[in-house]
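> Structure in C-alpha cells, see below.
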Amino acid sequence: MKRNAAILFGLMVILLTGCASNVQTAETNTESAEIAENTTELTTSLTDFEGELSNGENAVYGKYKIEPGTVDTDAILSTLFADQLELLQNVQMNTVEADGGKSTEYSVKDGDVTHRWFAGSGDLLYSNDREIISADRETAMETAEKFVDALGWELSEKPAIVANGNTYRFIYPFLYQNVELMGNIYVDLAPGNDEAPLIEGAYVMIDVGGNGINGIQVNAMPQITETLESYNPSADFIGEEQAEEITKEYWQTFHRDTDFIVEFDSVEIKIIYMPFRETDESLSLLPVYEVVTEGDILTEDNRMLVLIDAVTGYVYGQSFAE
C-alpha cells in the first residue's frame with residue numbers, strides 16, 4: 001500500500017514542495033553514523049530531554065519492539081471537514097491502478113472542488129483540486145496548528161517548515177515519551193530491491209495555502225509492544241562529539257581519492273527514534289542521532305543529514321536536509 005499510495009499521491013496532485021526526503025544507504029567505514037534534522041529549533045543537549053523514564057532506574061531511552069501503526073481516518077476527516085460534515089455522507093469510492101497495484105480512492109465534491117484521499121491501515125494521503133493561493137507564514141501556521149491540535153495526537157510542537165513561495169508545508173513528527181520519531185524521510189535498507197519494504201518515518205504533513213489546507217499525508221505512529229533494551233544515554237550512547245566526528249568521516253569517504261577536506265559551517269544534533277526492520281517479521285524502534293550539517297560536503301555548500309545509531313555509531317544513510 002505504501003509504495004503504491006505514495007506514487008498515486010504524487011500523480012494526483014502537485015503539492016507545495018517536492019516529495020519526501022530520501023535516506024539512501026551508502027558505503028561507510030566501520031564506525032560511521034548518520035542523523036537527520038527536520039525541525040527549525042533543535043535540542044542539542046541531553047540535559048534538555050523532558051521525556052518520561054523508560055524501564056530501568058536511570059534509563060531515559062529504549063529499544064522497542066513495534067508493530068505497524070494504524071491511522072484514525074475518521075478523526076482526520078471529521079477534523080478536516082468539521083464545518084461540512086454533511087459532505088462525508090456523499091463519499092464515492094473508485095479503484096485506481098498504479099505501479100502494478102490497485103488502491104481505493106475516496107472522493108467527495110464540494111461545488112467545483114473535489115477532495116480525494118487514499119487510506120491504508122498505516123497511512124492516509126489527501127489532496128484537493130482547489131486553486132492554490134498565497135498565504136502569509138503566520139496565518140498558514142495557525143491553520144496547521146489548529147488542525148493538529150484538534151486531532152489531539154502526540155506530535156512535535158516544532159514542525160519542519162518548508163516554504164514554496166507564499167505557501168507552506170508543515171511536518172509534525174510523532175513523539176514517544178517526548179522524543180521525536182523519524183519524520184518525513186525513509187530508509188532503504190535494500191537498495192535495488194523494489195520488493196523490499198521501506199523503513200518510513202511517522203509524521204503528519206500538511207500543505208497550506210491562503211484558502212486553507214490543500215494536502216495532508218499521515219504516516220502512523222507505530223504501536224510499541226515490548227521494551228527490548230533500556231539505555232542510560234550518558235553511559236550507553238556514543239555522544240554528540242563522536243557523532244559529529246563519525247559524520248565528518250562519513251562524508252569524507254565520498255572524497256577518498258581527492259585532496260578535498262570536508263568542513264562544516266554548522267552542526268545540529270539531536271536524538272530521535274528510527275523504525276528499523278530486524279527481519280521480515282520483526283520491527284523495532286531505535287534511538288539514533290540526527291545530525292544535520294551545513295558547509296562544503298559534496299561539491300558545493302549543502303545542508304545534509306545522516307542518521308547514526310546512538311549505541312553503535314553505525315550510519316544508516318544520508319539525504320539532503322530540509
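> Applying a 10 Å radius around every beta-carbon, put 167-176, 208-217 in order of their mean neighbour count, most first.
Put in order of decreasing packing, that is 167-176, 208-217.
> With a 1.4 Å probe and all protein chains left in place, how much of the accessible area of the range 61-158 comes from carbon and sulfur atoms, in whole percent?
41
> Sticking with this structure for a sec: Full extension from His255 to Lys146: what is 0.36 nm times the residue separation minus their Cα-Cα distance, to one decimal in nm?
34.6 nm
> Taking amide H positions as placed in the peptide plane 1.01 Å from N, state which residues far from Tyr186 in sequence (5 or more) or on other chains have amide H under 5 Å from it.
Hits under the 5 Å cutoff: Val23.
> Looking at this model, which pairs from Lys65/Lys146; Lys109/Lys146; Lys63/Lys146; Lys146/Lys248 are more than 30 angstrom apart at the alpha-carbon?
Table pairs above 30 Å Cα-Cα are Lys65/Lys146; Lys63/Lys146; Lys146/Lys248.
> Then there's this: Quantify, in whole percent, the carbon and sulfur part of the accessible surface of the range 168-320 (1.4 Å probe; protein heavy atoms only).
Summing carbon and sulfur atoms, their accessible area is 43 percent of the total for the range 168-320.
> Sort 303-310, 149-156 by the packing proxy (mean of other Cβ within 10 Å over each peptide's residues), most packed first.
Most protected by this proxy first, the peptides run 303-310, 149-156.
> Ok, one more. Expected output is a single nm value to one decimal: the length gained when fully extending between Glu67 and Asp296, i.e. 0.36 nm times separation in residues minus the C-alpha distance. What is it?
The span from Glu67 to Asp296 would gain 78.5 nm if fully extended.
> Of the listed peptides 222-229, 264-271, what is their order by residue-averaged count of other C-beta atoms within 10 Å, with the highest listed first?
Averaged packing, sorted descending, gives the order 264-271, 222-229.
> What whole-number distance in Å separates the alpha-carbon centres of the range 65-132 and the range 250-322?
So the separation of the two Cα centres works out to 34 Å.
> Rg/Rh for the range 97-136 to two decimals, with Rh computed the Kirkwood way over all alpha-carbon pairs.
1.08
> Next question, about the same structure. Please state the charge dipole magnitude for the range 62-169, taken about the Cα centre, from unit charges on C-beta atoms (+1 on K and R, -1 on D and E), reported in debye and rounded to the nearest 20.
My answer is approximately 380 debye.
> Please list the non-local residues whose amide H lies under 5 Å from the amide H of Ile271, H modeled 1.01 Å from N, same-chain partners needing a gap of 5 or more.
Glu290
> Let me ask you something else. Residues of the range 145-227: accessible area per residue at 1.4 Å, in Å²?
37
The values are calculated or read from the model by the stated rules, or taken from the named source; none is laboratory data. Predicted model, so just to flag it, every value in this text is computed and none were measured. As a convention, Cβ positions derive from the backbone with ideal geometry for all residues, glycine included, and neighbour counts pool all protein chains shown. Note: accessible area is taken over every heavy atom of the protein model, side chains too, but ligands, DNA and RNA are not part of it. Shrake-Rupley method; radii C 1.70, N 1.55, O 1.52, S 1.80 Å.
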